Every structure is written in C-alpha cells, then in structure tokens.
Amino acid sequence: LCVPAVPVLFKQALENTDVEEGKSVSLRCELTKADATVVWKKGEAALQASAKYEMKQKGTVAELVIHNAEPEDA
C-alpha cells in the first residue's frame with residue numbers, strides 16, 4: 001500500500017516584528033507536521049546557526065532568534 005506524502009503547511013505564519021537595534025528578536029512559525037525540516041532564509045540565502053542566528057524547533061513550532069539585530073537583518 002502506497003500512501004502519498006502529506007505536504008507540510010503553515011498553521012501560523014511569520015508575523016512582522018519590530019525590534020530595537022542591538023537587541024534580540026524571536027521569529028516563530030507553526031507547522032502542520034511535527035519535526036518537519038525547516039530552512040530559514042534571508043532572500044535566497046539559507047541562514048546558518050551562529051552566534052548571530054539561533055534556530056530552535058520543538059514539535060510543530062520553529063523559531064529563529066536573531067541576536068544583536070541590525071537594519072540589515074530586515
């Protein structure tokens with residue numbers, strides 16, 4: 001029996017967030033499938049975990065924390 005894969009969708013999409021320069025900001029989204037692979041991008045470039053970018057995922061919630069936010073992070 002072959003069961004087609006169910007696509008992963010956003011239950012809650014990202015929302016625009018304002019933050020003071022130099023502070024940290026947390027961006028979250030919720031998915032329809034737990035532990036789905038999430039790739040955070042800025043434009044076409046995939047972000048990599050670093051001292052600047054912290055990626056977390058628990059169940060259906062994926063989170064990106066941007067430390068020391070700058071205007072270029074918009």
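Identify, by number, the condition in (1) surrounded by 10 or more Cβ atoms within 10 Å (Cβ to Cβ); (2) in contact (Cβ under 8 Å) with a residue 24 or more places away in the chain that Leu14 doesn't meet.
(2)
Residue-wise test of (1) modelled with pLDDT of 90 or more; (2) of a type in the set (Gly, Ala, Ser); (3) in contact with a helix residue (DSSP H, G or I) (Cβ under 9 Å, 6 or more places away or on another chain).
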{"position": "Cys2", "(1), (2), (3)": "no, no, no"}
{"position": "Phe10", "(1), (2), (3)": "no, no, no"}
{"position": "Leu31", "(1), (2), (3)": "yes, no, no"}
{"position": "Ala51", "(1), (2), (3)": "yes, yes, no"}
{"position": "Glu70", "(1), (2), (3)": "yes, no, no"}
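When only residues in region 10-59 that are in a loop (DSSP other than H, G, I, E, B) and touching a Lys or Arg at 6+ places or on another chain (Cβ under 8 Å) count, which is farthest from Glu72 (Cα to Cα)?
Filtering first and then ranking leaves Thr32.
Which pairs have Cβ atoms under 9 Å, sit 6 or more apart or on different chains, and link a residue in region 35-64 that is under 21 Å from Val8 (Cα atoms) and in contact (Cβ under 8 Å) with a residue 40 or more places away in the chain to one that is open to solvent by 60 Å² or more (accessible area, probe 1.4 Å) and in a loop (DSSP other than H, G, I, E, B)?
Close Cβ pairs (under 9 Å, with a partner that is open to solvent by 60 Å² or more (accessible area, probe 1.4 Å) and in a loop (DSSP other than H, G, I, E, B)) amount to Thr60/Thr32; Thr60/Lys33; Thr60/Asp35.
Give the residues of region 24-53 that are open to solvent by 100 Å² or more (accessible area, probe 1.4 Å) and of a type in the set (Asp, Glu), sorted by residue number.
Result: Asp35, Glu44.
The values are calculated or read from the model by the stated rules, or taken from the named source; none is laboratory data. Quick caveat, the model's predicted, so the values are computed rather than measured. Glycine gets a Cβ as well: all are built from the backbone with ideal geometry, and neighbour counts include every protein chain shown. Each accessible area value is taken on the protein alone, full model and side chains, heavy atoms only, with ligands, DNA and RNA left out. Shrake-Rupley method; radii C 1.70, N 1.55, O 1.52, S 1.80 Å.
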